[in-house]
There are 2 protein chains.
Amino acid sequence: MSTLPTYADITDAAQRLKGVARRTALLENLLLNEKLGCRLLIKAEPLQLTGSFKIRGAYNFISRLGPEARKTGVVTFSSGNHAQGVAAAAQICKIPATVVMPEDAPTLKIENTRAYGAEVILYDRYKESREEIAKKLADDRGAPLISSYDDFYIIAGQGTVGLEIVQQASEVDARLDAVIIPCGGGGLSSGSSLAIAHDSPKTKVYIAEPQDFDDTKRSLETGTLQHNNHDNRSICDALLAPTPGDLTYAINQKLLAGGLLVSDAEVIAAMAAAFRYFKLVVEPGGAVALASVLSGKLDVTGKTIAAICSGGNVEPSQFKEALKTE
Amino acid sequence: MSTLPTYADITDAAQRLKGVARRTALLENLLLNEKLGCRLLIKAEPLQLTGSFKIRGAYNFISRLGPEARKTGVVTFSSGNHAQGVAAAAQICKIPATVVMPEDAPTLKIENTRAYGAEVILYDRYKESREEIAKKLADDRGAPLISSYDDFYIIAGQGTVGLEIVQQASEVDARLDAVIIPCGGGGLSSGSSLAIAHDSPKTKVYIAEPQDFDDTKRSLETGTLQHNNHDNRSICDALLAPTPGDLTYAINQKLLAGGLLVSDAEVIAAMAAAFRYFKLVVEPGGAVALASVLSGKLDVTGKTIAAICSGGNVEPSQFKEALKTE
C-alpha cells in the first residue's frame, strides 16, 4: 500500500491552497438549534470555488506536477464535482484536463466542467468501466490519472476542510462533540478525520452515506472492504463510488466512530432545511450529513455538532422537487 | 434634522457587533466573471444571522438601551427582515419586542419574527398606516420606536456591510470600481456608502431599486424627496418603503453616483443566477443589485464590481417560480 498522508500533509496543503480555495463559512441558525436541542454548525462547501470541496484536493495534486504535465495533460473520472475541481485547478495551472463522466451526470456538472476548459468524455455508468476508459487514455498520453479520492494529495487537500472546521468552531467558542461528513469514496472523511483527530482529539467523527450505498459503514463494521450492489440507485449522484478506497479506508478504519445512513426522502428534507435555515443551495450528496442530524440518526441533544454540506451543484428541476416538501 | 452618523460611528458599530453579526462571505464565480466580462463580487448577507443584514443595525441600536428597556420593551414596524433583526437582537439583549408587520408579508418572515420571541401585530399595508399603529404602541408603553432605516444607529450598523466589503475586496486583491446596493428606505446604502467613501474613495456607489419603487433615484435626480405611488406593486417585499428617510437621503444625496432600476423579471432571473453560480438563496428585494448587473444596467466591462445580496428570506413557492426560468 502507498504511504498514507499525515497531519503535516494537510497543513502543507492548506498553505498551497491559500489564495485559491476559500475558507468557507461555518453557519449556524439559532431557531434550528432551538428546535433540535443542540448547537449545529454547518460547513458550507457549496460556497467553495466550483461549488464543492473538490477543488481542494484537485489543486493540491495538480499544482505539484512538473512542466511535462502541460504537454501530457491530466486525466480523471468523476460524476461531476471532482470533474469541476480538476477542470478548474488544471485551468489555474494552465494544464489540459480530460474528464470521463457518466452520461447521466447532472447537466450542470457536465456544462461547468466543459466551461472550465476540460475535455469531457461521457460513458454509460451501468455498462462501462470508467476506470478502464480513463486508464487507457492516461496510458496512451503518458498523463497522470487523478483518483477522485484514493490518492495521497487528494486526501490531504480535502483534509483542509476538517482543519478549518476545528479552527472556525474555536472562533465561535464551540467545543465539538461530533463532526459528520458525507462519504462516497472517503477522500473528504479520511482527510478531515486526520485533521480533526490531531486538532480536536475528543471530537467523534462519523460518516453519512445514502442507505443503499453503505459500503464504508459495512467495511468499518466487518473489517474488510465491502462493495455496493451494482443495481442500487440513489439521488446522491456524488456518493455512488462502488467501494471505499484503499488509502481512505485505511485511515477511516482507524479514526471514524461509525456510519449513519439516510434515505432519499431524508436527503430531500435536508435540502429544504438548508434552504430555509441557512439560505444555502445543497445538492443531494452534499446534504447527507445534515440529513442524518435532522432525521435523528445520532443523539445530538445538548451536544455541539458540525455537519459538512459538501457541495451545491444541483439541477434547478431537482431543487424545485426538494422545495415541494416545504 | 438629527445628527448624521460618520465613519467613526460605523467602526464603533463594527466593534459592538463582534461575536453577534457574522462577517459574511464575499463570493465570486469564475465562469460568471468570464460571461460578464468583469470581476463580480457578491456580498452574501443571506448568510447573516436572521437571513439578512438587518441584525447589524438592530443590534447596534438595541444593545445601547438602558435597563428601563427591559420593562418597556421596544417597538418597530417592518415588512419582515428588520422585524427578524429586531426580534433576534432584542432576544439576545433580553428585551421584549413588538413588531408591526403587513398581513401580506411572507409567512416565513412572520413565523421567524415570532420564533425569535417577538409579539407580532399585523396590519393592512394598503389601508392602514404602520407608522401610526407603531407610534401609538410606543407612546402607550413609553417604549423606544426603532425606525427600520431612518436612524443614526441603524444606519451606522448597516454601514458595517460596506466596511467589510472594502476589507474583503482588498484581501482578494480586488480594486473596486463600483459597489451596487439594494435600496428601500436607504439604511444599507447610506451606511455602506459612508464606509466606502472613507475606505475606498475612488469607488462609485450606486443603489438598485425595483422599477416602480424608484423614490430614491428620483429624489437624487430632482434634489427633493420623492414618493412612490401607493398603488404600485413589486415582488421585492423588502424594498417597498414609500419615500427615502431624512437621514438616509441626506447621506445618499452626497455620496451616491446614481440609481439603477430593475423589473420583476430581471429580479427573478437574478435569483436563478444566484442559485446557479453562488449556491445562495436570495430573496427578491435582496437580488436587485445583482439583477442590475446581469441585465446590463451599468457598463461593467473590464471592471471590478461588488453587488450586495442583502437577504434570503424567501418562500419556497416563490423560489420555485424563480427556478422555472432556468
Report task. Just need a number here: residues in region B:57-85 that are within 19 Å of residue B:283 (Cα to Cα) and aliphatic (A, V, I, L, M). Result -> 1
Query raised in the report: Which pairs do you get when a residue that is in contact (Cβ under 8 Å) with a residue 40 or more places away in the chain, found in region A:66-90, comes within reach of a residue that is crowded, with 24+ Cβ neighbours inside 10 Å and of a type in the set (Lys, Arg), reach meaning Cβ atoms under 6 angstrom, with the pair 6+ apart or on two chains?
Result: A:80/A:109; A:81/A:54; A:82/A:54
Query - Residue that is surrounded by 18 or more Cβ atoms within 10 Å (Cβ to Cβ) and among the aliphatic types (A, V, I, L, M), where the choices are A:89, A:8 - result: A:89
**Report entry** Segments classed as helices (runs of 4 or more DSSP H), wholly inside region B:99-179, with at least 3 members that are surrounded by fewer than 22 Cβ atoms within 10 Å (Cβ to Cβ) and assigned by TED's automatic domain parsing to the domain that holds residue B:228
**Finding:** B:152-171
Requested in this report: Just one of (1) within 9 Å of chain B (Cβ to nearest Cβ); (2) surrounded by fewer than 19 Cβ atoms within 10 Å (Cβ to Cβ); (3) of a type in the set (Val, Ile, Thr) trips up residue A:20, so point out which.
Outcome: (1)
Query raised in the report: Which of the residues belonging to region B:298-325 are more than 20 Å from the chain's Cα centre (by Cα) and in contact (Cβ under 8 Å) with a residue 24 or more places away in the chain?
Result: B:298, B:300, B:301, B:302, B:303, B:304, B:321, B:322, B:323, B:325
Requested in this report: Check off (1) of a type in the set (Gly, Ala, Ser); (2) more than 14 Å from chain A (Cβ to nearest Cβ); (3) over 17 Å from the mean Cα position of the chain (by Cα); (4) more than 20 Å from residue B:144 (Cβ to Cβ) for residue B:105 and give me the number that stays unchecked.
Outcome: (3)
Query - Of all residues making up region A:1-24, the number that are within 25 Å of residue A:304 (Cβ to Cβ) and free of Cβ contacts under 8 Å to residues at least 60 places away in the same chain - result: 1
Query raised in the report: Is it the case that region B:75-90 has a residue that's over 26 Å from residue B:243 (Cβ atoms), modelled with pLDDT of 95 or more, within 14 Å of another protein chain (Cβ to nearest Cβ) and part of a strand (DSSP E or B)?
Result: no
Query raised in the report: Looking at this structure, is residue A:25 of a type outside the set (S, T, N, Q), more than 26 Å from residue A:277 (Cα to Cα), crowded, with 18+ Cβ neighbours inside 10 Å and within 19 Å of the chain's Cα centre (by Cα)?
Result: no
Query raised in the report: Among the residues of region B:270-326 satisfying the criterion of being polar (S, T, N, Q) and within 12 Å of another protein chain (Cβ to nearest Cβ), which is surrounded by the most Cβ atoms within 10 Å (Cβ to Cβ)?
Result: B:310
Report summary line: Within region A:271-297, residues in contact with a helix residue (DSSP H, G or I) (Cβ under 7 Å, 6 or more places away or on another chain), touching a residue at least 24 places away in the same chain (Cβ under 8 Å) and part of a loop (DSSP other than H, G, I, E, B) come out as A:281, A:282, A:283, A:284, A:295
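Yes/no per residue for (1) surrounded by fewer than 24 Cβ atoms within 10 Å (Cβ to Cβ); (2) more than 14 Å from every other protein chain (Cβ to nearest Cβ); (3) assigned to a helix (DSSP H, G or I); (4) of a type outside the set (D, E, K, R):
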position	(1), (2), (3), (4)
B:34	yes, no, yes, no
B:42	no, no, no, yes
B:55	no, no, yes, yes
B:67	yes, yes, no, yes
Query - Condition met for residue B:76 (crowded, with 19+ Cβ neighbours inside 10 Å, among the β-branched types (Val, Ile, Thr) and on the phi > 0 side of the Ramachandran plot) - result: no
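The values are calculated or read from the model by the stated rules, or taken from the named source; none is laboratory data. As the structure is a computational prediction, the values presented were derived from the model and not from experiment. Using ideal geometry, Cβ is built from the backbone for each residue, glycine included, and neighbour counts are taken over all protein chains shown.
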